[in-house]
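Student: Here it is, the structure in full.
The values are calculated or read from the model by the stated rules, or taken from the named source; none is laboratory data. Worth saying up front: this structure is predicted, and the values here are computed from it rather than measured. Every residue, glycine among them, receives a Cβ derived from its backbone with ideal geometry; neighbour counts consider all protein chains shown.
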2 protein chains.
Amino acid sequence: MLKEYINPAVPDKEELKAEIKIERERLFGYQMKLKEAKLPVMVIFEGWGASGKGSVIGKVINNIDPRFFKVKTIADPTDEEKRYPFLRRYLMEIPESGKFTFYDSYWMEEVTNGAVKGDLPESEYKKRIASINRTERSLHDNGYLILKFFLHISKKQQKKRFDELLADKDTSWRVSKADLYQNKHYDEYLDVYDRYLEDTNNPTAPWYIIGADNSRNVELQVLRFLNQGIDTALKNHSLAVPILQNPFRLVPMPKLADISLDDKVLTDEEYKEKLDKLQDELRQLHYKLYRKKIPVVICYEGWDAAGKGGNIKRIAEALDPRGYEVLPIASPEPHEKARHFLWRFWTRLPKTGHIAIFDRTWYGRVMVERLEGFCSENDWQRAYNEMNEFEKELTDGGMVVIKFWVQIDKDTQLARFTERQNTPEKQWKITDEDWRNREKWDAYEVAINEMLQKTSTDFAPWYILESVDKKYARIKALQIVIDAVKKACES
Amino acid sequence: MLKEYINPAVPDKEELKAEIKIERERLFGYQMKLKEAKLPVMVIFEGWGASGKGSVIGKVINNIDPRFFKVKTIADPTDEEKRYPFLRRYLMEIPESGKFTFYDSYWMEEVTNGAVKGDLPESEYKKRIASINRTERSLHDNGYLILKFFLHISKKQQKKRFDELLADKDTSWRVSKADLYQNKHYDEYLDVYDRYLEDTNNPTAPWYIIGADNSRNVELQVLRFLNQGIDTALKNHSLAVPILQNPFRLVPMPKLADISLDDKVLTDEEYKEKLDKLQDELRQLHYKLYRKKIPVVICYEGWDAAGKGGNIKRIAEALDPRGYEVLPIASPEPHEKARHFLWRFWTRLPKTGHIAIFDRTWYGRVMVERLEGFCSENDWQRAYNEMNEFEKELTDGGMVVIKFWVQIDKDTQLARFTERQNTPEKQWKITDEDWRNREKWDAYEVAINEMLQKTSTDFAPWYILESVDKKYARIKALQIVIDAVKKACES
């Protein structure tokens with residue numbers, strides 16, 4: 001794309017002024033409409049060193065009320081950031097609905113720099129491209145408008161700008177060694193940039209190349225594409241998008257009705273003995289995975305009163321408190337609802353060597369949100385894939401992802417509800433909502449079966465914890481966690 | 001995708017029957033809604049030999065009124081078809097709005113067979129993939145729902161089916177040599193199929209793999225994906241899609257106001273002399289391009305009364321009538337309006353060695369259709385790219401595409417209109433509509449300038465024919481056609 005590109009003609013001064021004025025007013029007019037439509041807008045600027053990214057961002061934001069936008073400059077990852085999956089530090093910074101975020105470079109730069117310098121092998125490059133394409137598509141599908149601008153200047157023009165900056169001692173600091181390296185290796189960068197643009201140019205998040213040799217002509221080009229993109233997105237309010245087939249290898253799962261529960265029991269003695277042994281083993285393994293810098297996510301989903309809390313407790317008891325966190329997941333806060341539904345999980349991921357235990361998870365999307373109508377049908381139908389892709393990112397980065405479904409039957413739930421109701425110190429554990437959910441047992445069962453079938457991938461499979469006998473379920477959970485962590489430590 | 005795929009579990013007999021019944025009724029219910037929404041649906045079946053494509057198409061169409069669907073079997077290209085661009089014979093068969101077309105293989109097979117057999121070099125393969133992706137996106141953007149199914153069976157299963165067919169003399173004819181070749185080279189095909197599916201799996205036209213080892217389980221899978229796709233598409237009625245940046249190299253064009261006209265004149269003597277010479281030259285060249293099998297498209301656009309007809313006449317006079325056609329383009333017929341706006345041009349392309357002269361063209365989209373509101377803003381804004389892509393297909397296949405803009409000024413038009421009005425034998429040439437269009441001169445000028453800027457690619461540039469002196473314009477046109485044809489004959 002970049003190699004075919006020819007700079008557009010520059011309008012004469014008066015015409016340029018008049019055209020810019022029109023586009024500025026258009027953009028100004030769009031901000032309230034974006035707010036009303038709850039449309040989040042990501043405006044990503046990439047480009048050559050000294051191509052004027054900062055300058056054009058400065059001009060564009062002049063037309064927007066400061067309450068409606070943020071500007072993010074994403075630099076090289078810190079050591080702390082390197083302890084998380086590649087995409088995380090970028091996804092942390094997505095805007096909330098109705099607002100703009102302008103990025104002075106986003107995930108392109110880390111990938112292209114790696115490719116030019118040879119730090120990123122071809123196979124890793126391809127993986128990153130797949131991650132980026134999937135993620136941009138998922139953001140789009142969840143209502144984000146993504147506009148990507150590449151500011152393009154020639155080798156000669158870049159050299160001239162660096163020379164001018166270097167000639168003045170007040171500006172010479174702005175030219176880095178990396179800048180001069182880029183100019184010297186311009187053609188190599190051109191190859192890598194061109195390929196990246198081709199590889200990530202999708203209708204869901206298209207590239208727009210901006211001819212920036214003439215700096216006077218940058219703002220108008222950007223504003224036109226920006227306004228056109230907003231205009232199109234506003235016309236498509238609450239879009240339904242195609243449901244893609246899951247591309248990952250799935251592990252067959254039983255239907256809930258076919259899981260036998262009553263034979264999954266342990267005596268108190270068996271339980272105590274195994275519990276001690278397994279907790280000791282997990283304790284040792286926790287140090288090992290800390291040293292090996294392996295991050296672990298343990299997900300708990302299950303019926304109300306299935307025994308999630310007690311099960312989590314038996315895992316947590318075995319862990320060093322400095323190295324794990326239990327994350328209870330309630331309904332999303334307003335600032336979370338205003339973003340991609342996985343955002344609040346991206347921000348809660350464990351870093352290398354740490355364990356995060358989620359008490360309820362992102363799977364709320366296809367259970368409570370589906371059944372209560374908190375999201376559209378298209379939203380939850382898409383979510384199976386989106387969650388598989390999310391977990392693919394985590395596990396590709398070396399994370400261990402363990403997912404538990406804690407299973408009981410309807411009678412057992414009733415018995416436990418009744419006991420809670422009748423035991424003063426347990427009454428806080430039972431609410432009207434629990435009873436209401438119970439009435440929807442059958443609908444939930446349909447949803448849970450679909451979830452288990454569609455999201456048990458070979459990299460993040462579901463495990464059933466038969467929990468009519470809670471002791472049995474706890475021992476089984478410990479054993480599964482131990483096996484998975486051991487395997488990860490050995491590989 | 002194919003390599004990760006695992007066959008889904010087969011529901012038991014009763015359950016399967018019940019589920020199929022639900023999906024059949026859903027599909028039946030959709031047909032009238034599709035009609036009302038004017039949604040055209042392309043359902044493409046690809047897959048292994050003996051995977052059961054024909055059988056499942058037969059089952060699916062049982063639920064649809066015969067007035068609402070067609071079934072197309074696309075075989076190897078005939079010699080006649082090979083004289084046209086690759087995509088043409090497929091695009092001929094796109095459905096009209098509100099109707100289904102089911103394809104028993106589409107453009108995948110020609111590409112993958114070529115890749116397996118080695119007839120299609122890697123560079124050609126990549127070109128075809130780019131063509132297919134662009135075209136599927138363009139169909140989608142113009143309102144087509146495209147669902148692509150790949151029927152997947154194992155090597156063993158395929159072998160078993162061929163053996164069974166061969167064992168019975170009534171069915172043995174159904175197994176071809178090509179079938180047996182495929183089974184023998186199953187793994188090579190698997191590589192090629194898998195790559196093709198990956199390369200063409202876009203949200204705008206996604207692939208769905210259907211596990212067909214168990215033939216009982218094929219219909220349900222297909223119906224589910226089909227109904228889901230229709231459901232999503234119906235929710236997105238009259239979608240606005242992102243306007244992509246033109247990816248091709250553009251030739252800078254002057255604005256109409258800057259074109260000097262009065263100095264572009266010829267004396268009668270100069271004209272006569274050049275006309276004879278150039279027509280002779282073109283006549284000779286026509287035989288040459290016929291022998292060289294080069295197809296040529298000459299496009300005429302221009303103001304009313306600019307002199308298109310007379311200009312075309314001077315080209316046509318020099319050509320062998322067996323080798324050219326003049327195609328006057330009026331408003332689209334109902335069956336043309338019901339399809340992609342380029343369909344009526346795909347069906348009118350010249351074959352190798354032939355010349356098609358279009359008197360008005362596909363550029364009506366960004367002139368009359370834009371100004372009269374016959375298409376949406378999103379439609380005509382997208383059309384610049386779609387037309388560039390269309391011409392890219394033609395020229396990539398070796399076609400010469402020459403585009404003329406016949407230019408006069410407003411006063412000259414008035415003089416010619418008045419003369420027509422006052423000359424009885426020319427009155428048929430002037431209508432009320434001409435006068436109405438003239439009132440919109442300024443709006444047309446804006447649209448024409450934008451068209452010339454955005455669609456003058458290096459493979460299909462616009463040429464301005466200054467036609468205040470019609471003689472000058474005719475000679476210039478002849479010279480341009482001669483130069484372009486000569487260049488093509490030499491390369």
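Student: Taking residue B:123 and the conditions (1) over 27 Å from residue B:52 (Cβ atoms); (2) crowded, with 16+ Cβ neighbours inside 10 Å, which numbered condition does it fall short on, given that it satisfies the others?
Tutor: If we test residue B:123 against (1) over 27 Å from residue B:52 (Cβ atoms); (2) crowded, with 16+ Cβ neighbours inside 10 Å, just (2) comes out false.
Student: Considering only segment B:292-326, state which residues are out of contact with any helix residue (DSSP H, G or I) (no Cβ under 9 Å at 6 or more places or on another chain) and touching a residue at least 24 places away in the same chain (Cβ under 8 Å).
Tutor: B:308, B:316, B:325, listed by residue number.
Student: Continuing with the same structure: Quick check on segment A:335-353. Is at least one of its residues touching a Phe, Trp or Tyr at 6+ places or on another chain (Cβ under 6 Å), β-branched (Val, Ile, Thr) and surrounded by fewer than 20 Cβ atoms within 10 Å (Cβ to Cβ)?
Tutor: There is no residue in segment A:335-353 that is touching a Phe, Trp or Tyr at 6+ places or on another chain (Cβ under 6 Å), β-branched (Val, Ile, Thr) and surrounded by fewer than 20 Cβ atoms within 10 Å (Cβ to Cβ).
Student: Report yes if residue A:215 is surrounded by fewer than 18 Cβ atoms within 10 Å (Cβ to Cβ), more than 10 Å from chain B (Cβ to nearest Cβ) and among the hydroxyl-bearing types (Ser, Thr, Tyr), otherwise no.
Tutor: Here the answer is yes, as residue A:215 does meet what is asked.
Student: Does segment B:456-469 include one or more residues that are under 30 Å from residue B:267 (Cβ atoms) and assigned to a helix (DSSP H, G or I)?
Tutor: Checked segment B:456-469: no residue is under 30 Å from residue B:267 (Cβ atoms) and assigned to a helix (DSSP H, G or I).
Student: If you check residue A:278 against the conditions, is it closer than 22 Å to residue A:466 by Cα and assigned to a helix (DSSP H, G or I)?
Tutor: Considered against the rule, which asks whether it is closer than 22 Å to residue A:466 by Cα and assigned to a helix (DSSP H, G or I), residue A:278 comes out as yes.
Student: Can you tell me which condition residue B:257 does not meet? The list is (1) of a type outside the set (Val, Ile, Thr); (2) in contact with a helix residue (DSSP H, G or I) (Cβ under 9 Å, 6 or more places away or on another chain); (3) closer than 30 Å to residue A:11 by Cβ; (4) in a loop (DSSP other than H, G, I, E, B), and all the others hold.
Tutor: For residue B:257, the failing item is (4).
Residues are listed down the side, and each one gets a yes or a no for (1) under 19 Å from residue A:26 (Cα atoms); (2) in a helix (DSSP H, G or I); (3) in contact (Cβ under 8 Å) with a residue 12 or more places away in the chain; (4) not basic (Lys, Arg):
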position: A:222; (1), (2), (3), (4): yes, yes, yes, yes
position: A:228; (1), (2), (3), (4): yes, yes, no, yes
position: A:233; (1), (2), (3), (4): yes, yes, yes, yes
position: A:237; (1), (2), (3), (4): yes, no, yes, yes
position: A:241; (1), (2), (3), (4): no, no, yes, yes
position: A:263; (1), (2), (3), (4): no, no, no, yes
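Student: Taking the stated definitions as given, is residue B:117 at pLDDT below 95, among the basic types (Lys, Arg) and surrounded by fewer than 22 Cβ atoms within 10 Å (Cβ to Cβ)?
Tutor: Criteria met by residue B:117.
Student: Only one of A:200, A:204 is within 10 Å of another protein chain (Cβ to nearest Cβ) and either touching a His at 6+ places or on another chain (Cβ under 8 Å) or buried (at least 16 other Cβ atoms within 10 Å of the Cβ) (or both); which?
Tutor: After applying the criteria, what remains is A:204.
Student: Exactly one of (1) surrounded by 15 or more Cβ atoms within 10 Å (Cβ to Cβ); (2) of a type in the set (Asp, Glu); (3) at pLDDT below 95 is unmet by residue A:194. Its number?
Tutor: All conditions pass for residue A:194, except number (3).
Student: Ok, one more. Scan (1) within 18 Å of residue B:357 (Cα to Cα); (2) surrounded by fewer than 21 Cβ atoms within 10 Å (Cβ to Cβ); (3) touching a helix residue (DSSP H, G or I) at 6+ places or on another chain (Cβ under 8 Å) for the single condition residue B:461 breaks and write down its number.
Tutor: If we test residue B:461 against (1) within 18 Å of residue B:357 (Cα to Cα); (2) surrounded by fewer than 21 Cβ atoms within 10 Å (Cβ to Cβ); (3) touching a helix residue (DSSP H, G or I) at 6+ places or on another chain (Cβ under 8 Å), just (3) comes out false.
Student: Filter segment A:249-267 down to residues that are surrounded by fewer than 18 Cβ atoms within 10 Å (Cβ to Cβ) and within 23 Å of residue A:134 (Cβ to Cβ) and give me whichever is farthest from the other protein chains (Cβ to nearest Cβ).
Tutor: Going through the qualifying residues, I end up with A:251.
Residues checked against (1) more than 29 Å from residue A:144 (Cβ to Cβ); (2) not acidic (Asp, Glu); (3) not assigned by TED's automatic domain parsing to the domain that holds residue A:137:
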position	(1), (2), (3)
A:228	no, yes, no
A:242	no, yes, yes
A:247	no, yes, yes
A:250	no, yes, yes
A:268	yes, no, yes
A:276	yes, no, yes
A:287	yes, yes, yes
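Student: Which members of segment A:369-423 meet the condition of being of a type in the set (Val, Ile, Thr) and in contact (Cβ under 8 Å) with a residue 12 or more places away in the chain?
Tutor: Answer for segment A:369-423, where residues must be of a type in the set (Val, Ile, Thr) and in contact (Cβ under 8 Å) with a residue 12 or more places away in the chain: A:395, A:400, A:401, A:402, A:406, A:408, A:412.
Student: Which of the residues that make up segment A:1-21 are closer than 28 Å to residue A:201 by Cβ and either within 14 Å of another protein chain (Cβ to nearest Cβ) or surrounded by fewer than 11 Cβ atoms within 10 Å (Cβ to Cβ) (or both)?
Tutor: Once the filter is applied, which keeps residues that are closer than 28 Å to residue A:201 by Cβ and either within 14 Å of another protein chain (Cβ to nearest Cβ) or surrounded by fewer than 11 Cβ atoms within 10 Å (Cβ to Cβ) (or both), segment A:1-21 yields A:1, A:2, A:3, A:4, A:5, A:6, A:7, A:8, A:9, A:10, A:11, A:19.
Student: For segment A:288-407, which helices (runs of 4 or more DSSP H) that fit wholly inside it have 2 or more residues that are aliphatic (A, V, I, L, M) and over 17 Å from the mean Cα position of the chain (by Cα)?
Tutor: Filter on segment A:288-407 gives A:308-316, A:368-372.
Student: I need the full set of residues from segment A:124-164 which are part of a strand (DSSP E or B) and hydrophobic (A, V, I, L, M, F, W, C), in order please.
Tutor: Selection gives A:145, A:146, A:147, A:149, A:150, A:151.
Student: For segment A:436-491, give me the residue count where each residue is under 27 Å from the mean Cα position of the chain (by Cα) and aromatic (Phe, Trp, Tyr).
Tutor: Residues meeting the conditions: 4.
Student: Which of the following residues is within 21 Å of residue B:478 (Cβ to Cβ), in contact with a Lys or Arg (Cβ under 8 Å, 6 or more places away or on another chain) and not hydrophobic (A, V, I, L, M, F, W, C): B:322, B:314?
Tutor: Criteria check complete, one pass: B:314.
Student: I would also like to ask the following. Kindly list, by first and then second residue, each pair from a residue in segment A:87-108 that is on the phi > 0 side of the Ramachandran plot to a residue that is assigned to a loop (DSSP other than H, G, I, E, B) and among the small types (Gly, Ala, Ser), limited to pairs with Cβ atoms under 8 Å and residues at least 6 apart or on different chains.
Tutor: Final answer for the pair search is A:98/A:338.
Yes/no matrix, rows are residues, columns are (1) small (Gly, Ala, Ser); (2) more than 13 Å from chain B (Cβ to nearest Cβ); (3) touching a Phe, Trp or Tyr at 6+ places or on another chain (Cβ under 7 Å):
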site	(1), (2), (3)
A:160	no, yes, no
A:175	no, yes, yes
A:179	no, yes, yes
A:208	no, no, yes
A:225	no, no, yes
A:232	no, no, no
A:237	no, no, no
A:271	no, yes, no
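Student: Can you tell me how many residues in segment B:38-63 are surrounded by fewer than 20 Cβ atoms within 10 Å (Cβ to Cβ) and closer than 23 Å to residue B:139 by Cα?
Tutor: Qualifying residue count, segment B:38-63: 2.
Student: Additional query: Just one of the numbered conditions (1) under 30 Å from the mean Cα position of the chain (by Cα); (2) farther than 25 Å from residue A:132 by Cα; (3) not assigned by TED's automatic domain parsing to the domain that holds residue A:218 is not true of residue A:36; which one?
Tutor: Condition not satisfied by residue A:36: (3).
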